[in-house]
Each structure stands twice: as C-alpha cells, then as structure tokens.
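J.: Here it is, the structure, as structure tokens.
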C-alpha cells in the first residue's frame, strides 16, 4: 500500500510538471486547470493501484485505500494552499478515485497473481486433486433486502444530507449546497454501498448486487413519479444531462438502469473486498 501511494504521488508530480511545461508553450495557458489535475491524479491512481495490487491477495481493498487516500491528500493540499475547492468534487472525487483504485488493484492481481497457498504435507488427498463440480451459489435474501433498503433510503435522503452538510462546511464550498451533481453523487454512493452490502461474503456478488439494485431502482422511479421535483434524489442530474421531462419514460428507464448497473458493480466490489470463507 505504501509503495502504491509513493507511485501515485511520484507519478502525479511528474505528470503535473510535464503538463505545466507543455502548457507554457501554448498562448494564454500558464498552468493546468483543476479538471486537468483531477485527470492526472486519476491516471496516477490507476498506476499506483496497479502496482499495489500485484502479488496481493487483498488487491482490491489495497487499491481502494490507495485511491481514497490519494484523493483526500489532493484535497488537503488544495485546502492548505488556500485554493478554492470545487464543491461538486468534494464528495464525488474520493469515490471516483476509490473505484479507479479498485479496478487497478484487480488488474494488478490478474497481471501478477499472488503465490498460491500450498497445502501442508499430508493434508491433501486424491479428492483434492480432482476437478470439483460447479456448485450453484444460493441467493442470500437478507443481504439483498438490506442492500436494496440502503439504496432506497440513501437516495431518498440524499437532498436532506446535502442540505445538512452544506450548513456544516459553510461557504468555503459555495457550489456544494446548490448542485444537483452532489445529490446524484450521494445517491450513487448509496447504490455502491447497497450493492457492496448485498454482495459481501458471498460468491455471487454480481448477482446479489443486481437483485438488490433492480427493485431499488424501480422503487426510486416510483418515488420520483410520486414526488416529482419536490424532493431532490439525484434524478435532476440525469434530467439536466439528457434534457428530458420529469415524467419522461426514458428518464425513468435511465434511472432504473443506472441504479441497477451501479449496484451490480457494488455487489462485485463487496464480493472482492469481503470474500467468503472457504
């Protein structure tokens, strides 16, 4: 993990200097923009998570930690230097960097897998050398129900959570309290956490996450149909991006599909971070 963090910040410093040197040759461009720095840091998290995941049995968890710590380190550096922090990225940037770290750690483990566990002498027999038949993994109903409930509750209360957090952090993040992207990021985090809860300690994380996300997405669509624009739940972000009416069937379809997809990804993440005991 420490080696991965060293690679992240070393790569970030090098790419930052390279981007600054290139921009000096462009008229009216003196320094990289914040969006460019975020892209550079995400690319550095990809490299650091890849390095941290090699020969690592907990590659995904290590990559997640590397990405989140790198994101918070970058935000802390901006705060220390007195630069204005974009409110839309304060909440979603660590989540994005963490997901990049998970994917990079998983890729690193595939490229350079850990040393296999060798059984003790005399503990293995002829049966251990035979190919075992594929076992159908049962659905853990209580995890699916809890995951779906977390997704629905987190999405329903996303607007209220944004309001309370904006009062706590004050005017330093001016665009935090009035941005529909922040509400969508909170709803996305709820979908990831709900899928992670559904898929944790199971051998079928993708199926668990999908089974939790599909009914949760339908419930969120029904709540949006009932409340409309009276309660911010992250739907406004999709509405702005797609330029659709609040009651448009395409908007509800995108809402259900995105929640199901994100929850499925969270289920896979939960099965990788918290693997079932063999």
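J.: Tell me, what is the percent relative contact order of region 23-114, built from C-alpha pairs under 8 Å that lie six or more residues apart?
T.: Reported as a whole number, the value is 42 percent.
J.: Hey, could you get me the Stokes-Einstein D for region 2-111, Kirkwood radius over alpha-carbon pairs, 20 °C and 1.002 mPa s, rounded to whole µm² s⁻¹? Intermediate results must be reported in sequence, preceding the final value.
T.: Details: Rh = 14.1 Å.
So the translational diffusion coefficient is about 152 µm²/s.
J.: Need the C-alpha centroid separation for region 50-110 versus region 197-228, integer Å.
T.: Their Cα centres are 25 Å away from one another.
J.: Mind sorting 115, 152, 256 by how few other Cβ atoms lie within 10 Å of their own Cβ, fewest first? Provide the component values of the computation, followed by the final result.
T.: On the way: 115 7, 152 24, 256 20.
Least crowded to most crowded, the residues run 115, 256, 152.
J.: Sticking with this one: Run the quick spin-label model on residue 139 and residue 20: label points 7 Å from Cα toward the beta carbon, then report their separation in nm to one decimal.
T.: Distance between label points: 5.5 nm.
J.: Provide 243, 44 in ascending order of the number of other Cβ atoms located within 10 Å of each residue's Cβ, fewest first.
T.: Least to most surrounded, the residues fall as 243, 44.
J.: To the nearest 0.05, how large is the calculated FRET efficiency for residue 35 and residue 1 if R₀ is 41 Å and r is the Cβ-Cβ distance?
T.: 0.90
J.: Do you know the relative contact order of the chain, to the nearest whole percent, from alpha carbon pairs under 8 angstrom that are 6+ apart? Don't jump to the answer; show the numbers that get you there.
T.: Values: 482 pairs, mean separation 50.2, N = 278.
Dividing the mean separation by the residue count of the chain yields 18 percent.
J.: Between residue 80 and residue 161, what length comes free when the chain is fully extended (0.36 nm per residue of separation minus the Cα-Cα distance, one decimal in nm)?
T.: Answer, rounded to one decimal: 26.6 nm.
J.: Assign one of three labels to the chain, namely rounded, prolate or oblate, based on the Cα gyration tensor with a ≥ b ≥ c the square roots of its eigenvalues; rounded applies when a/c is under 1.5, prolate when it is not and a/b is larger than b/c, and oblate otherwise.
T.: Oblate.
J.: For a protection proxy built on the mean count of beta-carbon atoms within 10 angstrom, sort 217-225, 58-66 highest first, please.
T.: Details: 217-225: 18.9, 58-66: 25.3.
Descending packing order for the listed peptides: 58-66, 217-225.
J.: May I ask you to compute the full-extension gain from residue 13 to residue 274, defined as 0.36 nm times their residue separation minus their alpha-carbon distance, rounded to one decimal in nm?
T.: Contour length minus Cα-Cα distance gives 90.6 nm.
J.: If each residue of separation counts as 0.36 nm, what is the full-extension length gain between residue 223 and residue 250 once their alpha-carbon separation is subtracted?
T.: 8.1 nm is the gain from fully extending residue 223 to residue 250.
J.: Continuing with the same structure: Taking neighbour Cβ counts within 10 Å as the exposure measure, how do 91, 72 sort from fewest upward?
T.: Going from sparsest to densest Cβ surroundings: 72, 91.
Every read-out reported here was derived from the displayed coordinates using simple, explicitly stated rules and does not represent laboratory data. Everything quoted here is computed from the prediction, not taken from an experiment. Positions of Cβ are generated from backbone atoms using ideal geometry, with glycine treated the same way; all protein chains shown enter the neighbour counts.
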